[in-house]
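Report on the structure given below.
The values are calculated or read from the model by the stated rules, or taken from the named source; none is laboratory data. All figures in this text were calculated on a predicted structure; none of them were measured in a lab. Reconstructed Cβ throughout: ideal geometry from the backbone, glycine too, with neighbour counts over all protein chains shown. What goes into the accessible areas is simple: the full protein's heavy atoms, side chains included, and nothing from ligands, DNA or RNA. Shrake-Rupley method; radii C 1.70, N 1.55, O 1.52, S 1.80 Å.
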Amino acid sequence: QVQLVESGGGLVQPGGSLRLSCAASGSIFSINTMAWYRQAPGKERELVAIISSVDYTNYADSVKGRFTISRDNAKKTVYLQMNSLKPEDTAVYYCRIQGGSDYYWGQGTQVTVSS
């Protein structure tokens, strides 16, 4: 059974930084893409950032230049470094890892940006 465990969320002031982590455990093979999504209250879940198996990255326009996605294949972990956070970044953040043709989701971690 595959499990994704997220950590690093919390409350931060505008302009601050947070680093999210998502570690996979269990039998997950042929890890391909890793991604972060977020869902704010009353809104649909949206893609924030994605990284391919060869470290190609893509970002939502709203986070370009502020967020950085990275991965550690040996640890089966994906990270999201979030800088210059804004109140509109407030949401539940979910990681998603692709193993073969299967997609696995984390349980979500709350990020709140407020003074």
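Tabulated values for the structure
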{"read-out": "Summed residue charge, Cβ within 9 Å of Gln39's Cβ, Lys/Arg positive, Asp/Glu negative", "value": "+1"}
{"read-out": "Computed Rg/Rh of segment 1-64, alpha carbon atoms with Kirkwood Rh", "value": "0.99"}
{"read-out": "In segment 1-100, GluC sites (Glu not before Pro) in a DSSP loop with at most 11 other beta-carbon atoms within 10 Å", "value": "Glu44"}
{"read-out": "Within the accessible area of the chain (1.4 Å probe), percent carbon and sulfur", "value": "47 percent"}
{"read-out": "Choice from Ala60, Ala35, Ala23 showing the highest fluctuation, given a GNM over the chain with Cα pairs closer than 10 Å", "value": "Ala60"}
{"read-out": "Directionally averaged projected area (convex hull, Cα atoms, segment 61-115), nm²", "value": "4.8 nm²"}
{"read-out": "Chymotrypsin sites (Phe, Trp or Tyr not before Pro), loop per DSSP, at most 14 other Cβ atoms within 10 Å - longest free stretch of the chain", "value": "57-115"}
{"read-out": "Per residue value of the accessible surface for the chain (all protein chains in place, 1.4 Å probe), Å²", "value": "53 Å²"}
{"read-out": "Kirkwood Rh and Cα Rg combined as Rg/Rh, the chain", "value": "0.96"}
{"read-out": "Sparsely packed trypsin sites (Lys or Arg not before Pro) within segment 30-113, loop by DSSP, other Cβ within 10 Å at most 16", "value": "Lys43, Arg45, Lys64, Arg66, Lys75"}
{"read-out": "Selection from Val2, Ser53, Thr112 lying farthest towards where the dipole of the chain points positive, charges on Cβ", "value": "Thr112"}
{"read-out": "Under 9 Å, Cβ to Cβ, from Tyr94 - net charge with Lys/Arg +1 and Asp/Glu -1", "value": "+2"}
{"read-out": "Relative contact order computed over the chain (Cα-Cα under 8 Å; 6+ residues apart), in percent", "value": "37 percent"}
{"read-out": "Within-15-Å neighbourhood charge of Gly15 [Cβ basis; K, R +1; D, E -1]", "value": "0"}
{"read-out": "Among beta bridges that DSSP assigns inside the chain, antiparallel share in %, nearest 5", "value": "95 percent"}
